[in-house]
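The block underneath contains the structure these notes are about, expressed in structure tokens.
The values are calculated or read from the model by the stated rules, or taken from the named source; none is laboratory data. Keep in mind that what you see is a predicted model, and the values were worked out from it rather than measured. Here the Cβ positions follow ideal geometry from the backbone for every residue, glycine too, while neighbour counts run over all protein chains shown. Only protein heavy atoms, including side chains, enter the accessible area calculation; ligands, DNA and RNA are left aside. Shrake-Rupley method; radii C 1.70, N 1.55, O 1.52, S 1.80 Å.
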Amino acid sequence: MSEQGIDQGRRRFLTTAATVVGGAGAVATAVPFISTLTPSARARAIGAPVEIDIGAIKPGELQRFKWQGKPVWILHRDEAQLKTLPELDGSVRDPGSEEAQQPDYARNEHRSIKPEYLIVVGLCTHLGCSPTYVPRDDAQSHGLAGDWKGGFFCPCHGSRFDLAGRVYKDVPAPRNLVVPQHQYLSDSRVLVGADDTGAAT
Ligand code: FES
């Protein structure tokens, strides 16, 4: 290998190492901070609402976050995805979100405040596995039927949910995915875990 090649390789290694150390440093500073809190303050910090920047989530894309140790998903639904929801009313168990799986402001056809953003806790309502986001075009690779319109598939026992987190009929999961309390602080920032009703989950 030429000297120049070695230098470039080394530079790449050092850059990667610095990134990893930087990431580890961020974690390392967070842990002592939490550990210095009293038990009740620690419980509050772990359960505290989280502010999330959703501005970079592209249409059709899902991003995962953590709140209260649980996965929270934010799916930016595009026009075509939103159109699938009324088509599935006859295939899902609770099409009108009658059961208490969401705050009142998400009891609507898209189960959200803004139609384009779905915010749900990413845990299956059967036994708590974390389902997989399967867009329409990926149906085949997950063994789903050709008329799959996109949604969430739980690999543990085969439960399926649509793009609003509504559970299909005839699957083990009994209820729709949970929509947590949330409120928009701006067009691109959302607070998960509390809302302007004054209540925090
Ligand atoms: S835990 Fe999801 S189907 Fe059983």
**Residues that are within 14 Å of the ligand (Cβ to nearest atom), among the small types (G, A, S) and closer than 14 Å to P180 by Cα, drawn from the stretch 112-140** = G122
**Restricting the stretch 143-155 to residues that are farther than 20 Å from P59 by Cβ and open to solvent by less than 30 Å² (accessible area, probe 1.4 Å), the residue that is farthest from the ligand (Cβ to nearest atom)** = L144
**Request:** Exactly one condition in (1) part of a loop (DSSP other than H, G, I, E, B); (2) of a type in the set (A, V, I, L, M, F, W, C); (3) closer than 26 Å to P49 by Cα is not met by I119; state its number.
**Result:** (1)
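Conditions (1) open to solvent by less than 50 Å² (accessible area, probe 1.4 Å); (2) among the charged types (D, E, K, R); (3) at pLDDT 75 or above; (4) under 22 Å from V121 (Cβ atoms), marked per residue:
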| site | (1), (2), (3), (4) |
| --- | --- |
| R12 | no, yes, no, no |
| A17 | yes, no, no, no |
| V20 | no, no, no, no |
| A45 | yes, no, no, yes |
| Q68 | no, no, yes, yes |
| R107 | no, yes, yes, yes |
**Request:** Identify the single condition in (1) touching a Phe, Trp or Tyr at 6+ places or on another chain (Cβ under 9 Å); (2) under 22 Å from L82 (Cβ atoms) that A145 does not satisfy, given that it satisfies every other one.
**Result:** (1)
**Request:** Identify all residues within the stretch 156-201 that are open to solvent by 10 Å² or more (accessible area, probe 1.4 Å), outside any loop (DSSP other than H, G, I, E, B) and over 20 Å from Q81 (Cα atoms); write none if there are none.
**Result:** Q183, Y184, R189, L191, A194, A200
**Prompt:** Looking at this structure, is P95 in a loop (DSSP other than H, G, I, E, B), more than 16 Å from the ligand (Cβ to nearest atom), closer than 21 Å to D187 by Cβ and more than 14 Å from the chain's Cα centre (by Cα)?
**Reply:** no
**Asked** Would the stretch 115-125 turn up any residue that is out of contact with any strand residue (DSSP E or B) (no Cβ under 7 Å at 6 or more places or on another chain), surrounded by fewer than 17 Cβ atoms within 10 Å (Cβ to Cβ), at pLDDT 95 or above and closer than 17 Å to L62 by Cα?
**Response** yes
